[in-house]
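> Would you mind keeping the following structure in view while I ask a few things?
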There are 2 protein chains.
Amino acid sequence: MNIKISSHGHYIPKKIETAEEVSKKINKSPDWIISRTGVKNRRISNIDVDKMGALAAKDALKNTSNPDLIINASGVPKQTIPDTSVFIQKELGLSGVPSFSVHSTCLSFLTAFHTASSLIESKQYKKILIVSSDRGSIGRNFNEPESASLLGDAAAAVILEPSINSQVMSYKMETWSEGAEFTQVKGGGTYRHPDNPKTIDNDHYFTMSGPNVYKMARKKVYFMIQKTLKANNLTINDIDFVIPHQASNTAIQAYSKFGGFPDDKVMNIIADYGNCVSASIPLALSIAIKERKIKRGNIVLLIGTGAGLSVASSIIKF
Amino acid sequence: MNIKISSHGHYIPKKIETAEEVSKKINKSPDWIISRTGVKNRRISNIDVDKMGALAAKDALKNTSNPDLIINASGVPKQTIPDTSVFIQKELGLSGVPSFSVHSTCLSFLTAFHTASSLIESKQYKKILIVSSDRGSIGRNFNEPESASLLGDAAAAVILEPSINSQVMSYKMETWSEGAEFTQVKGGGTYRHPDNPKTIDNDHYFTMSGPNVYKMARKKVYFMIQKTLKANNLTINDIDFVIPHQASNTAIQAYSKFGGFPDDKVMNIIADYGNCVSASIPLALSIAIKERKIKRGNIVLLIGTGAGLSVASSIIKF
């Protein structure tokens, strides 16, 4: 599909929470946090996901005309109804522009990116704004030290348009629902509604079985990389840069340790921002572009895992 | 886009709740309920949205092979994370099949239908299962009699495939965020999280300003019909059948009263099932096909409104 990322932007909350500060909330040492998760600092937002997303979108929209579609691609919504795209659109003052949400937790951005590319390729829209905004700090369970020290807040946005030279060369997604219970926020829907006597406080927080996720994900991601490269007649050397989901430092390092990509070709911002759920991939992408780690014509692999357990990857010619 | 609905199905919970029964919960008479909303009976599900959706999907899948993509297109999720598609896929025993969710409340089905059509048109997938499943009964606020007597539970599913004769002739969506607060469930996300001292019990229930929605929607829907027909060189007489969102009896009757469509060409199942949120449009469609109100080759208008306030319509050659 002949699609280009014509613009991008992000919003990083000002407030930094250090490993030292988190350590007091989870009763572990700062060293424990850094060695387990790799997260030295994470940002904490004092504005909600719609305003965060709108600031990222404004950064992406600053030198360009308005989009004809807005897709919110976030992990956790502002509220159940309406979907968050409506509130982001309202913040942007773009009433009238069609807006909806795509949700596959940490893979929401990749799913929306693929969906938006298809909508442009099939001539349904010409300029699509995708916004990923997550405020994981709200859902931290301080009785679960590892996930509580992983999460951070951020938002990022990209604009997609038709292109002559840029391409979405490949996209592949798999969902392995035997891992459905590895990563959860059980509340917020019909299952653990506040009226349900079985609902407990912990249902409103993020819970993750890190070792189970890692064990399953490492294998699935490895096979997806092999299959995707082969299907596109590419080798590891043809990939100029890798933008992985920032799940944890161990997960990111697996792309070089087991995946065979050189360390300096794999974007790693986990130490500064933590796992920003859906915003991790577009934030890493936006920062990589700003730091000129990715240039026009480069072959870039976007890859990650999400609750489900889902795995997705896309090879793009930037 | 050359796409056909190759199969369809639905799940209607067995338990009927009559206007008489609801009247006792909201302190109004059955006549008040029926004259205000048009809903005589609604169904109440004792299984959750994932199981309801899977039963509708099984109905759609019974004479056909497995899909290569599953899209959950529902208004309210089972839980915040993972998205509901994962749980529906698990119920179907289809581990490995990529699964994600699309959310635009009552328009989730239309949004997913358009998105899936684009994914097929651009040759990304060949057979997409869309499932809409909502259990609005869980979110009823009995202190808000009108919305509480409108909601009912149901699920419906369709399968989309490439086609030679069938077509998505047009699709149009608009989101008017000045109506963002007309229809809400404020809880379930970052805004009214249980940890927020401002969160109150009512935040976990559905709330709607019926008159505001109707006033705004009637105008927006009217103009969309005019524009869509004109853009496709069609007149009202060219439309063989209309499948509207089952928002309320007044809203459905507006399609004949103000829209100019003959009463017998507008699907109206509100008396038996109420407003089933995202499932209303595909349920009405599935029943209309089963009752042979729609035949191959017919020109069908799918149209509705959703929280946002969003308006969307699609003209399909069935």
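The values are calculated or read from the model by the stated rules, or taken from the named source; none is laboratory data. All values reported here derive from a predicted model rather than from experimental measurement. Heads up, the Cβs are rebuilt from the backbone with ideal geometry, glycines too, and the neighbour counts pull from every protein chain shown. All accessible areas refer to the heavy atoms of the entire protein, side chains included, with ligands and DNA or RNA removed. Shrake-Rupley method; radii C 1.70, N 1.55, O 1.52, S 1.80 Å.
> I'd like the full set of residues that are in contact with a Pro (Cβ under 7 Å, 6 or more places away or on another chain) and open to solvent by 70 Å² or more (accessible area, probe 1.4 Å), limited to the stretch B:3-26.
B:Glu20, the sole residue that qualifies.
So that you can scan it fast, the table gives a plain yes or no per residue for (1) of a type in the set (Val, Ile, Thr); (2) closer than 16 Å to A:Gly75 by Cα; (3) more than 10 Å from chain A (Cβ to nearest Cβ):
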site: B:Ile47; (1), (2), (3): yes, no, yes
site: B:Asn63; (1), (2), (3): no, no, yes
site: B:Asn72; (1), (2), (3): no, yes, no
site: B:Pro82; (1), (2), (3): no, yes, no
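> Of A:Val86, A:Val76, A:Val22, which residue is in a loop (DSSP other than H, G, I, E, B) and aliphatic (A, V, I, L, M)?
One residue alone meets the criteria, A:Val76.
> I need the full set of residues from the stretch A:115-127 which are open to solvent by less than 10 Å² (accessible area, probe 1.4 Å) and within 7 Å of chain B (Cβ to nearest Cβ), in order please.
Hits for the stretch A:115-127 are A:Thr115, A:Ser118, A:Leu119.
> Now for a different question. At least 3 residues that are open to solvent by less than 70 Å² (accessible area, probe 1.4 Å) and within 14 Å of another protein chain (Cβ to nearest Cβ) in each: list the helices (runs of 4 or more DSSP H) lying fully within the stretch A:196-279 that qualify.
A:210-231
> For B:Ile47, state whether it is farther than 30 Å from A:Lys172 by Cβ, touching a helix residue (DSSP H, G or I) at 6+ places or on another chain (Cβ under 6 Å) and not in a strand (DSSP E or B).
no
> Among the residues that make up the stretch B:144-162, is at least one of them in contact (Cβ under 8 Å) with a residue 24 or more places away in the chain, within 24 Å of A:Lys78 (Cα to Cα), more than 9 Å from chain A (Cβ to nearest Cβ) and in a loop (DSSP other than H, G, I, E, B)?
yes
> Within the stretch A:288-296, does at least one residue satisfy the condition of being open to solvent by less than 10 Å² (accessible area, probe 1.4 Å), under 19 Å from A:Gly38 (Cα atoms) and not in a helix (DSSP H, G or I)?
no
> May I ask you to list the residues in the stretch B:1-19 that are outside any loop (DSSP other than H, G, I, E, B) and under 30 Å from B:Thr115 (Cα atoms)?
Correct list: B:Ile3, B:Lys4, B:Ile5, B:Ser6, B:Ser7, B:His8, B:Gly9, B:His10, B:Tyr11.
> Within the set of pairs 6 or more residues apart or between chains, which connect a residue that is assigned by TED's automatic domain parsing to the domain that holds A:Pro244 inside the stretch A:206-223 to a residue that is open to solvent by 50 Å² or more (accessible area, probe 1.4 Å) and assigned to a helix (DSSP H, G or I) with Cβ atoms less than 7 Å apart?
Between residues of the stretch A:206-223 that are assigned by TED's automatic domain parsing to the domain that holds A:Pro244 and residues that are open to solvent by 50 Å² or more (accessible area, probe 1.4 Å) and assigned to a helix (DSSP H, G or I), the close pairs are A:Gly210/A:Glu146; A:Tyr214/A:Thr250.
> From the list B:Val97, B:Val86, B:Val76, exactly one residue is free of Cβ contacts under 8 Å to residues at least 24 places away in the same chain and either on the phi < 0 side of the Ramachandran plot or more than 8 Å from chain A (Cβ to nearest Cβ) (or both). Which is it?
B:Val86 is the lone residue from the list that is free of Cβ contacts under 8 Å to residues at least 24 places away in the same chain and either on the phi < 0 side of the Ramachandran plot or more than 8 Å from chain A (Cβ to nearest Cβ) (or both).
> Name every residue in the stretch B:29-42 that is open to solvent by less than 80 Å² (accessible area, probe 1.4 Å) and either charged (D, E, K, R) or out of contact with any helix residue (DSSP H, G or I) (no Cβ under 9 Å at 6 or more places or on another chain) (or both), in order of residue number.
B:Arg42
> Here is a follow-up. Within the stretch A:166-178, is there a residue that is away from every other protein chain (no Cβ under 14 Å) and surrounded by fewer than 22 Cβ atoms within 10 Å (Cβ to Cβ)?
Yes, the conditions are met somewhere in the stretch A:166-178.
> Answer with yes or no whether B:Asn41 is within 26 Å of B:Ala307 (Cα to Cα) and more than 10 Å from every other protein chain (Cβ to nearest Cβ).
When the stated conditions are applied, B:Asn41 passes them.
> Restricting the search to the stretch A:106-120, which residues are of a type in the set (S, T, N, Q) and either out of contact with any helix residue (DSSP H, G or I) (no Cβ under 7 Å at 6 or more places or on another chain) or assigned by TED's automatic domain parsing to the domain that holds A:Thr305 (or both)?
A:Thr111, A:Ser117
> Another question, then. Take the residues in the stretch B:179-194 that are more than 7 Å from chain A (Cβ to nearest Cβ) and either more than 18 Å from B:Leu150 (Cα to Cα) or at pLDDT below 95 (or both), then tell me which one is most open to solvent (accessible area, probe 1.4 Å).
B:Glu181
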